[in-house]
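What follows is one structure encoded as structure tokens, with my remarks underneath.
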Amino acid sequence: MSVTSIMNQKGGVGKTTTCINLAAQAALGAKTLIIDADKQSSLSQNFEQYKPKSSILELFRGKQFEVVNVRKNLDLLPCTIDFAGIDLEIQGEYSREFILSKALAKLKGDYEYIFIDCPPDISLVTVNALTASDYVIIPIKAARFSMDGISLMLDFVRKIKSALNPDISILGLLLTHFDERLRISKNIEKEIKEKGWDVALFKTRIRNNTAIENSQFEKKTIFEFDKKSYGTIDYMNLGKEVQRKIKKDQKS
Ligand SMILES: Nc1ncnc2c1ncn2[C@@H]1O[C@H](COP(=O)(O)OP(=O)(O)OP(=O)(O)O)[C@@H](O)[C@H]1O
Ligand SMILES: [Mg+2]
């Protein structure tokens, strides 16, 4: 079993899209849970036809919470806008960094994969997500300026590892919105290599694909929306690559 956070402080890089579709792919073969840890709740809105009785807010308040089943093999712990004030609320608590990790300990036995959609910041909620995780995936939008902050993210994971969670590792950097015809996409790939980060780069790139936006508009996973789209092909390949990397890591 493994817990994976999809994290980047930068907004709009494809965290939520990656979280939904990676989880949907994992659920094709194994019990999977998605945790929406972003107060914007954009992931939860994809499943708003399900009426959950509780959310991640109850978890953080130490109350009873329930996940909601959204697809075969796929459960969700949703988020709502009320989660916005949680950082202040938990600020003064002892072991405030371990709230999610402790709560997940009870749930872990029920799932093979847990994916956490992080907010675009490095708040106490993000710290909780990483403290509860075995792996981090960092999506990088293959567009201008998106390299800013990658070293900051890597440093942040390093700090969490030394101070709070020695078990965490970076599963990979993921190029999203990739368009091989564009020089910018190629330049970003080149820059990652020059920085020596290519060892961590997923072989799968998520190509720019309007089917992805449209699938979210219809509240479907990419696999349900269009089986033949680039999005389906790329997220299917990414899912397999993620599972291979996790298996390899867990053996070593
Ligand atoms: N490969 C892609 N091709 C085309 N559009 C995409 C792709 N991936 C994501 N998008 C679109 O880009 C927008 C941002 O994606 P997403 O919400 O996944 O990013 P995010 O990192 O979670 O953003 P935030 O930081 O606000 O939470 C969405 O409208 C989404 O539909
Ligand atoms: Mg998001």
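Laboratory data are not the source of any read-out in this text; all were calculated from the coordinates shown. Keep in mind that what you see is a predicted model, and the values were worked out from it rather than measured. Note: ideal-geometry Cβ built from the backbone for every residue, glycine included; neighbour counts use all protein chains shown.
Just a few scattered comments:
- Hz values of 3J(HN,Hα) by residue in region 158-164 - Karplus curve (6.51, -1.76, 1.60), Gly and Pro given as x: 4, 5, 4, 4, 7, 9, 10
- Per-residue packing, averaged as other Cβ atoms within 10 Å, sorts the ranges 128-140, 70-82 into the order 128-140, 70-82, beginning with the highest.
- Each residue of region 117-133 was assigned a 3J(HN,Hα) from its phi angle through the Karplus curve 6.51 cos²θ - 1.76 cosθ + 1.60 (θ = phi - 60°); the sequence is 8, 8, x, x, 7, 10, 6, 5, 5, 5, 4, 4, 4, 5, 5, 8, 9 Hz, with glycine and proline shown as x.
- Separation in nanometres of the label points that stand 7 Å from Cα toward Cβ, at TYR50 and ALA105: 2.6
- Across the chain, C-alpha contacts under 8 Å between residues 6 or more apart give a mean separation that, scaled by the residue count, equals a relative contact order of 24 percent.
- Label-point separation, LYS227 to LYS195 (7 Å along Cα→Cβ), nm: 3.9
- Summed side-chain charge close to LEU152 - residues other than LEU152 whose Cβ falls under 11 Å, Lys, Arg +1, Asp, Glu -1: +1
- In region 17-173, the alpha-carbon atoms span a convex hull of 120 Å³ per residue.
- Beyond 31 Å in Cα-Cα separation lie the following of the pairs LYS39/LYS108; LYS10/LYS248; LYS108/LYS190; LYS31/LYS219; LYS53/LYS203: LYS108/LYS190; LYS53/LYS203.
- Relative contact order (%) - criterion: Cα under 8 Å, at least six apart; region: region 1-143: 44
- Extreme residue, positive dipole direction of the chain, given options LEU175, TYR94, GLY14 (C-beta unit charges): LEU175
- Where a label projected 7 Å from the Cα of ASP155 along Cα→Cβ would reach, residues of region 1-38 with amide N under 16 Å: 9-10
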